[in-house]
Structure formats: structure tokens, C-alpha cells
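Okay, so here's the structure we're looking at.
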Amino acid sequence: MTTMQPQLPNLVDTQNLPDHREVAIDRVGVTNLRFPIQVRDKAHATQNTVATVALTVDLPHHFKGTHMSRFVEVLNEHGSLIHVDNIKVILRHLQKRLNSEQAHVEFEFPYFIEKRAPVSGAVGLMDYSVRLAATITHEDSDFVVTIVVPVTTLCPCSKAISLYGAHNQRGKVTFAVRFTKPIWIEDLIQLVESSASSELYSLLKRPDEKAVTERAYEHPVFVEDLVRSIAVKANAEPRIAWYRVEAENYESIHNHNAYAMIEKG
């Protein structure tokens, strides 16, 4: 006995209806989509994390809407391992499935590095925010890696004029790069941390706290010093073709933040 498949009704595809306003849309798609991914890890080959994803394409003026479900379908079809070549394939697939001239993807996720305290060797995990953003057209492509690195900065002016200590604070460095050859996330983080008064740790014992605060005191930097030092190191790195470095200090004795930025290219 043969089982008859139920007949689906002829559903109207509203998105493909014409739009008479003749206004093209630069980007349309899905954002704030949480998705488990694996990223390449210098110490452990891969690292599992969860990304907040945005997938968008351009929409010609004559289409009323896009097919939102297709964005999620494309993402799921490519699995969870994310790297440069993988992202380019996802972009090409988006172009084809959505019949678009341009496609854009963005993955933002926490990235963890195991760090040992400087004296006791106590092990803790530090988390950093990483964003991979890519755009592709039929002729060209663009790929930018952005890391957000928390650091300690100690004020040179405060140290110079004070009899007892100097004010210091936690700061944030946002470092975006385009590169000619792949570069490890860990290498970018180390480049930033080595330019600050001190790097941060998730776990410190008392001997570690002494070492960290004394190191910061011995290496005072303004936000201007911080971005300049990072820029000098980035200029010396042949794999980095373009960068934008921003430093923001959450000032401990002012009711405002201090900010500096350098962009190359």
C-alpha cells in the first residue's frame, strides 16, 4: 500500500515581489545570531567558543525583501570550524544563494588564553574579545581581525609630580588589522600587552601583585605612548598590511576617559 504525501499549498513568495520605490539596500540579513564555533588556537590547535554572528548581503532596488532563512542555512551547511579560507567560502555561498553582488559576515566571540602569574606561576584563563569581519564582491574581498585587549597603564605625569606612587588604571586597546599572511590571535595580543605598563592576569597571589604593580610603576605610559608603541611594532611586522589601534584609559582620578588612535593605510 502506497502512502500519499500531503499536498503543500502554493505559498506566495512575498520577498520576490517587485518593489516600486527603486531604493537599493546596502546590507540586509540577520544579526545577533549565536553560533558555536571552533577557532584556531596557537597552543591547542583549536578552541571551542560561541560567536555572535551577522550575515548580510546587498539587495537590488527591484526586490521587496530577502530570504532570511537562507542565511542561517548557509551558516549551518559549513560547520563550526572558522578560519580565513572557510569564511571566504561562506561569503561565496551567500552571494550565490541570495543572488547578491556583495556579501558580509562578522563573527564576534570570547577567546581564552591560559596565563601563568609572573612569580607564583598560578594558572588562570584570560578572555579577550575577537571580531572577524569579511566582505566579498565578485572582484574583490576584505578581511579584518579586531582584538580588544585589557591592559594596565600608569600615568607618567602623576609619577613625575607625586611623592608617593602614581595613579594607574585599567585600559582597553582595540587593535584591528588586515594582513598579507595569517597571523595568530595570540601574537596580536602579545604585541599589545608588551606595549602597556603591565598586562592583566585573572589569578594573582600576593608576590604576583607586588611584581605586577612594580612593573607598572617602572613602565609608565600615556595613551599616546601606548598607541605609538603598538604602531611601531605593527610597522615592523611584515604580515600586517593595515591597522587601526585605539587606546582608552578608564581614568582613576578623572571623571572622563583618555583616548588616542593611530591608523595606517
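Of the residues THR56, THR137, THR146, the one that moves most in a GNM of the chain with alpha-carbon contacts below 10 Å is THR137. Among the listed pairs LYS159/LYS210; LYS159/LYS181; LYS64/LYS181, those with a Cα-Cα distance over 29 Å are LYS159/LYS181; LYS64/LYS181. Think of each Lys and Arg Cβ as +1 and each Asp and Glu Cβ as -1; about the Cα centre, that makes the dipole of the chain roughly 420 debye.
Evaluated with a Cβ-only charge set (Lys, Arg +1; Asp, Glu -1), region 53-170 carries a dipole of roughly 400 debye about its Cα centre, given to the nearest 20. Only helical runs count toward this figure. For the chain, summing -39,500 (n - 2.57) over DSSP H runs of n ≥ 4 and dividing by all residues gives -7500 deg cm²/dmol at 222 nm. Against the empirical curve 2.2 N^0.38 Å, the C-alpha radius of gyration of the chain lands at a ratio of 1.30.
For the chain, a Gaussian network of Cα nodes joined below 10 Å ranks ASP26, ASP225, ASP41 by mean-square fluctuation, and the top entry is ASP26.
Residues TYR217, TYR243, arranged from fewest to most other Cβ atoms within 10 angstrom of their Cβ, appear as TYR217, TYR243. As a rough footprinting exposure proxy, the listed residues LEU125, LEU33, LEU94 were ranked by other beta carbons within 10 Å of their own, and the order from fewest upward is LEU125, LEU33, LEU94.
Take the Cβ atoms of ASN99 and VAL30, set R0 to 22 Å, and the FRET efficiency comes out at 0.85. Just check region 157-213 against the gyration tensor rule for me: Cα atoms, a ≥ b ≥ c as the square roots of the eigenvalues, rounded for a/c under 1.5, and otherwise prolate or oblate depending on whether a/b exceeds b/c. Here region 157-213 falls in the oblate category. Just VAL89, VAL28, VAL148 to compare: in a GNM of the chain, with alpha carbon springs under 10 Å, which one fluctuates most? Result for the chain, Cα springs under 10 Å: VAL89 fluctuates most.
Counting only aspartates and glutamates at least 8 places from LYS233 when in the same chain, those with an alpha carbon closer than 16 Å to its own are GLU186, ASP187, GLU193, GLU224, ASP225, GLU246, GLU263. Approximating the spin labels as points 7 Å out from Cα along Cα→Cβ, the VAL89-to-HIS67 distance works out to 2.1 nm. Scanning the chain for trypsin sites (Lys or Arg not before Pro) lying in DSSP loops with no more than 16 further Cβ atoms inside 10 Å, the longest uninterrupted stretch between such sites is 65-204.
If you sort the three axes of the alpha carbon gyration tensor as a ≥ b ≥ c, you get a/c of 1.5 or more for region 118-217 and a/b above b/c, which makes it prolate.
Bear in mind that the values in this text are calculations on the coordinates, not laboratory data. Just so it is clear, the model here is predicted, and its values are computed rather than measured. When we count neighbours, we look across all protein chains shown, and the Cβ atoms used for this are built from the backbone with ideal geometry, even at glycine.
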